[in-house]
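A short reminder: the numbers here are calculations on the coordinates, not readings from a lab. Computed from a predicted structure; not experimentally measured. Counting neighbours? That spans all protein chains shown, and the Cβs are built from the backbone with ideal geometry, glycine included.
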Amino acid sequence: MRGMKQIRDRVDLTSLVAGAAISVFGALVLLQEEGTIDLEAGWFLATLAAATGVVLLASGMGARRG
Amino acid sequence: MNERPKRLLRSRDDRILAGVAGGIANYLDVDPTLVRVGFVAAVLFGGLGIAAYLVLAVVTPNDDGSGAPAEDDRPSAWLVVLAVLAVLILLPGPFWGAFDWWGGGWWWGGSLWLVLLIGGAVWLYATLRDRNRRPSTERPAEGSDQRTPEDDQPAPDESTARTQRLDDTVSQAPPSRDGWSRLLRGVAIAVLVLAAAAATLGVAAVSAWATATGHGAIVAGVVIAIGVALVVAALIGESRWRWLIVPALVLALPAGAVAAGDVNFDGGIGERDHRPASAAELPADGYSLGVGQMTVDLRGLEWPRDRTVELDTDMGVGQTVVAVPSRVCVEADVNASVGHVLVRGREGSGIDAEVTEGPPLGEAPRLVLDSEVDAGEIVVTDRPPEAFTGDRRSFDDDRWHGSDDSDPEEQRRQERACAA
């Protein structure tokens with residue numbers, strides 16, 4: 001339990017969430033390019049806004065924790 | 001008889017940057033201000049003043065104070081790099097024609113701004129490095145050119161001089177020098193900000209371009225790799241890799257926008273002029289162009305026996321002009337995602353601009369046209385294509401300011417052709 005807590009304390013939450021969001025975004029672009037999905041501009045903007053919000057939330061939580 | 005010839009040296013006592021102007025003034029026995037004005041004026045001639053100054057700063061030795069070259073005097077590495085860059089960029093000016101758009105009408109060319117950007121960055125670096133190295137209580141060298149109005153005043157009495165020395169010690173630097181330093185740093189920072197903005201725009205443009213030309217998967221792969229690197233860095237507790245978020249966004253946002261907008265630059269760049277002589281010469285999948293101007297002139301085409309010709313055109317960004325014989329009825333589905341369409345005198349403009357023309361009433365010869373542009377203009381006309389292309393079609397044209405561009409005469413000719 002202590003080990004998990006140490007790992008949790010060590011993790012940089014902002015980088016983690018931003019990295020995950022960027023990876024997901026890149027995957028969406030890749031799928032769109034490959035023709036697997038057909039993301040319209042509206043969905044693109046909504047996804048972007050959601051990702052920005054999540055990263056800001058994580059940044060705020062990280063600042064509070066650290 | 002054995003007196004040594006006078007040498008051109010960089011002035012040690014009369015310098016603002018590297019002492020080149022002061023040295024030349026001393027060599028020619030003229031006012032250094034005139035030489036400095038000359039260098040500034042030379043900047044207007046393709047940036048010659050900058051290159052000349054930097055090269056002279058590299059090749060001219062420093063004065064040791066006695067009129068002889070200083071020993072062990074080698075130019076700093078950053079100065080050499082800057083001089084080489086300036087020469088490479090400024091002297092082969094004609095090879096930088098591709099950057100004319102950057103200078104946009106400035107008669108001395110856009111490359112000057114590139115030099116200013118690089119110079120600003122190096123200047124800032126050198127200023128900060130010198131600032132860090134210099135002891136905080138250092139006073140300006142004797143005979144420095146950083147003269148203040150106070151320097152020109154008569155010598156103060158001893159008590160005034162003591163007070164002045166005390167003030168200098170407290171402030172640690174004369175006000176004039178500090179003011180210069182602040183000004184230079186401000187200019188350098190502003191130039192650096194501009195350089196960063198230009199670099200960001202450049203990367204974003206490359207990302208958008210790559211995606212629009214069918215290489216979006218590569219951009220997406222790079223973005224995913226950066227995202228994974230961020231996750232890994234986060235898990236091992238490395239927060240200093242957060243800066244990767246910025247390049248990831250600069251790459252991802254344009255790629256996403258282009259991918260979502262279905263913008264396609266496939267087909268190349270440039271001007272295309274197609275003049276098919278028969279329907280058999282028309283490509284089955286139509287004509288396409290990524291960026292530029294495309295003309296399809298069908299006025300000389302031998303119309304087939306079944307009297308119907310089908311044509312597709314696809315443009316990324318630019319202008320498509322399709323010229324048809326006036327006796328041909330145009331059955332069209334013409335669309336501009338953003339821009340302007342003009343089909344046989346009928347026009348549409350704005351976002352998702354579209355003009356459709358129905359089939360002919362009779363057995364008239366007809367063109368079945370399916371034409372698209374992502375951003376730009378499509379013109380279908382029976383007038384010579386030259387009437388719509390070239391310099392006349394600039395952004396200064398009233399056509400781009402929303403004026404009525406419809407042509408009732410051509411509309412009537414289209415109606416007559418379709419009713420035949």
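Numbers at a glance
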item	result
Spacing of the two label points (7 Å from each Cα toward its C-beta) at B:Ser406 and B:Ala419, in nm	1.7
Least to most buried among A:Met61, B:Met315 (fewest other Cβ within 10 Å first)	A:Met61, B:Met315
Percent of Cα-Cα distances greater than 15 Å, calculated over the range B:223-273	60
Peptide B:215-227 - average C-beta neighbours from other chains (10 Å radius)	5
Highest average packing first - A:29-37, B:227-235, Cβ atoms within 10 Å	B:227-235, A:29-37
Inter-chain Cβ neighbour average for residues B:249-257, partner chain, 10 Å	5
Mean Cβ count within 10 Å, highest first, over the residues of peptides B:56-63, B:69-76, B:373-380	B:373-380, B:56-63, B:69-76
Prolate/oblate/rounded label for the range B:247-376 (Cα gyration tensor, a/c 1.5)	prolate
P(r) weight above 17 Å for the range B:187-245, C-alpha pairs, percent	57
Label-point separation in nm, B:Ala280 to B:Val30, each point 7 Å along Cα→Cβ	7.5
Neighbouring partner chain Cβ atoms per residue of B:234-246, average, 10 Å criterion	5
For peptides A:44-57, B:11-24, sequence by mean Cβ density within 10 Å, most packed first	B:11-24, A:44-57
Inter-label distance for A:Ile37 and B:Val232, nm, one decimal - labels placed 7 Å from Cα along Cα-to-Cβ	2.5
